[in-house]
Amino acid sequence: MSKDLKLLNIQDLYACIDDTSILKGINLEIKPGEIHAIMGRNGSGKTTTANIIMGHPDYEVESGIVELNGENLLEMETWERAREGVFLSFQYPQSVPGLQVGNFLRKSVAAILGEEAAKGKEFRNKLKESMKELDIPSSFLGRYVNDGFSGGEKKRFEILQLMLMKPKLAILDETDSGLDIDGIRTVAKGINAAIRGTESGALIITHYSRILEHVKPDKIHVLISGKIVKTGGPELALELEERGYDWLEEGSED
Amino acid sequence: MVVNMADSDAREAVGDYKAGWHDPENSTIRFDAGLSEKVVRDISELKNEPEWMTEMRVKAFKHFDERPMPTWGNMSMLKQIDFESICYYLRSSKATENDWEDVPEDIRNTFDKLGIPDAEQKWLSGVTAQYESEAVYHSIREDLEKQGVIFLDMDSGLREYEELVKEWFGSVVPYSDNKFSALNTAVWSGGSFIYVPKGVHVELPVQAYFRINAKNMGQFERTLIIADEGSSIHYVEGCTAPTYSTDSLHSAVVELIALPGAHIRYSTVQNWSANVYNLVTKRGIAHEKAKIEWVDGNIGSKLTMKYPSVILKGEGSHAEVISVAYSGSGQHQDAGAKIHHLASNTTSKILSKSISKDGGRGSYRGLVKVSPKAENCKLNVVCDALILDEDSRSDTYPTMEVANPTARCEHEASVSKVSDNQLFYLMSRGHSEEEALALIVNGFFEPFTRELPMEYAVELNKLMALEMEGSIG
Ligand SMILES: Nc1ncnc2c1ncn2[C@@H]1O[C@H](COP(=O)(O)OP(=O)(O)O)[C@@H](O)[C@H]1O
Ligand SMILES: [Mg+2]
């Protein structure tokens, strides 16, 4: 492994939806073990970036590179990316009525990590432990995927999946929105447990500095109108919280 | 009547039907195709039936002959049925078998593929496996016998318990009920006869397997279940059939009688091949505080018209009909439920779920009636449809006739589609598009599937996953 190995490598990414251009030249590199954050206003293109990494069919990539450990993600189907180790914690997780949480977790872990990983005591123990860490009661396993879940339950469930699927790259799209302080702390604990001390990396999309206080990102990127306009360390989060985004807007003087 | 021996030509045209295979026809007695009073009398004579049964068959035949086709369901498909090309009686094995070892080998092979011996070891409490027109294998476990439970094929039931059969046969579904109940009454053969004595609980599901296994073979089985006071039984039937090039007709009649305090649950998963007309009359009568549940899954067939019904005759009785229907290319599932609240404090629940795909058509046809004298009835109807593409269709024809103002009625209906975002979410968890679709579809059917015995649930989930294969364009 070379020293400048990139876990995620995004170069000059341009993307549109229905002929409306949304991403206008994104560059982003995450090294193994790093946690990065993307901050930006509503509509700046954060979810679009996440969806394109995961392969959402609605978006068209016009040009650019998206690689995971040197593999071209853009040529892969969504499920192949998942099996390669990309995980997306959704801003709006979808419900699947009738599909039981326990069954879904087992099937998904089998699809991503192989049948063996979803069998036996080891899996059950890991499941139990993770649920305990996230304050999820065991009755949850009998409910239907995201069906009638509260906002907080949905976010915790996304993190539970993250912990079980052990991805190489975890993308968390506003996982902290709608959570109270305890919820944010719990979720941050889950992210740290899954990423810190591993070769995996994470990209945290958020509006708020609070979750970043618990996760301590290596880098923070500011996204405005489909472009990263500034990159800095953890201190940037507090600055943004104080000053907002206007000062970073094109044409504004700093 | 002709007598023919094993006919290996019947191996042709199995097609791509996934659960389809068939053994060479091993029929010893086979009638020429076509129906007449003579054929009906011949069937009865061959079976050595009492005169009252012969006369009932003949009356039923006359009614069938005069009665026009139904004007609902799918009239253009119904018109295509050629009653003259159907063979109305076929017997593959001379006597009803009690011992597995005595069952002819090619028939046993068929059953092996269906997993009967295994299943029996595990959890069956008795088996009637109908091969072509008649039960060839029949066993009753000792504990059931000791409890006084009668579990026979219908032909043996008539021979051994004539008085009981005479009392109840046709009491729930008279031959004149509809054209197809008349046809069944005229030419019925096989089916199950079950009597559960007072207070006896048949805990393990009693299961019957049957399949169409001959060209132009109509199956006209007739089932009668009587649950005496305070007893309970769960009966399960399932069928798969090989594909043939000519159309087949399956027209069964099932009658249930739940005496005071009894509980009958009748579960079915039908997966007839896509050329079969599945026109079945199922009805039960619930006496005081009795409970009847139909759990009914329709996956195969060309046209199914089936509306399991319950007559709530006794005070405080309860009815439930949980059904699913899957309609693929060229299929029409016209399914539903009928409940008649004749007595006070009766309750009913209907849950109907249908999926249509590749131009398939699903329709819910329901009727819930509350008679003027029935006070404080509660009824709940939920119909959900899932449409998988633009070419497919779903309709609901719900009818409620409530003649007593104290009734409480609830009705909900929904039609939904699979969204791209739902598929994307599941695909992001490592599932291919087909697998994702199967998860959504099986989730949609889950309220039904969870009511089935484990083996059936697993089989149904597999079937639906198979149906979703190659469906992504
Ligand atoms: N499916 C879509 N159809 C049309 N426009 C879309 C669609 N999804 C996103 N957009 C537009 O793309 C821009 C970026 O959206 P998004 O990536 O969701 O922003 P963020 O996550 O930063 O709030 C917005 O202007 C939004 O309106
Ligand atoms: Mg967003």
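The values are calculated or read from the model by the stated rules, or taken from the named source; none is laboratory data. From a predicted model like this one, the values you see are computed outputs, not experimental measurements. Cβ: placed from backbone, ideal geometry, glycine included. Neighbour counts: every protein chain shown. Surface areas here come from the heavy atoms of the whole protein model, side chains and all, with no ligands, DNA or RNA. Shrake-Rupley method; radii C 1.70, N 1.55, O 1.52, S 1.80 Å.
Before moving on, here are some points about what is shown:
- Leaving ligands and nucleic acids aside, the A/B contact buries around 2000 square angstrom of accessible area in total at a 1.4 Å probe radius.
- The residues of the range A:126-162 listed by number as losing at least 30 Å² of accessible area in the complex, against the isolated chain and with a 1.4 Å probe, are A:Tyr144.
- Restriction of the chymotrypsin sites (Phe, Trp or Tyr not before Pro) in the range A:194-254 to DSSP coil positions whose beta-carbon has at most 10 other beta-carbons within 10 angstrom yields no sites.
- The slack in the chain from A:Lys132 to A:Glu241, taken as 0.36 nm per residue of separation less the alpha-carbon distance, amounts to 36.0 nm.
- Taking all protein chains together and rolling a 1.4 Å probe, A:Thr186 ends up with roughly 20 Å² accessible.
- Degrees, to the nearest 10: A:151-165 long Cα axis against longest axis of chain A: 80 degrees
- Count, lysine Cα pairs under 16 Å in the range A:38-182, 8 or more residues apart or across chains: 10
- For the range B:418-473, the dipole from Cβ point charges (+1 on Lys and Arg, -1 on Asp and Glu) about the Cα centre works out to 160 debye, to the nearest 20.
- With both labels modelled 7 Å from their Cα along Cα-to-Cβ, the B:Glu469 to B:Ala403 distance reads 5.3 nm.
- Taking only the C-alpha atoms of the range A:114-240, the Rg (one decimal) and the largest Cα-Cα distance, Dmax (whole number), read 15.8, 48 Å.
- FRET efficiency, 1/(1 + (r/R0)^6) with R0 22 Å, evaluated for A:Ser95 and B:Arg450 via beta carbons: 0.75
- The Cα center of the range A:133-202 and the Cα center of the range A:228-242 differ in position by 25 Å.
- Using distinct alpha-carbon pairs, which all enter the 1/r mean, Kirkwood radius of chain A in Å: 18.8 Å
- Averaging 1/r over each pair of different alpha-carbon atoms in the range B:418-473 and inverting the result gives 11.7 Å, the Kirkwood hydrodynamic radius.
- Two-site label geometry, B:Asp389 and A:Asp218: point separation in nm, points 7 Å out along Cα→Cβ: 4.7 nm
- Where a label projected 7 Å from the Cα of A:Asn27 along Cα→Cβ would reach, residues of the range A:212-246 with amide N under 11 Å: A:228
- Distance in nm between pseudo-label sites at A:Glu153 and B:His201 (7 Å out along the Cβ direction from Cα): 3.2 nm
- Accessible-area composition of chain A, carbon plus sulfur, in percent [1.4 Å probe]: 45 percent
- Mean separation of Cα contacts under 8 Å (6+ apart) over length of chain A, as relative contact order %: 26 percent
- Normalised by the number of residues in the range B:418-473, the mean separation of alpha-carbon contacts (under 8 Å, six or more apart) gives a relative contact order of 41 percent.
- Residue-span extension gain [A:Asp182 to A:Leu74] - 0.36 nm each, minus C-alpha spacing: 35.2 nm
- Annotation: B:Ser432 carries an accessible surface of approximately 20 Å², with a 1.4 Å probe and no ligand, DNA or RNA atoms counted.
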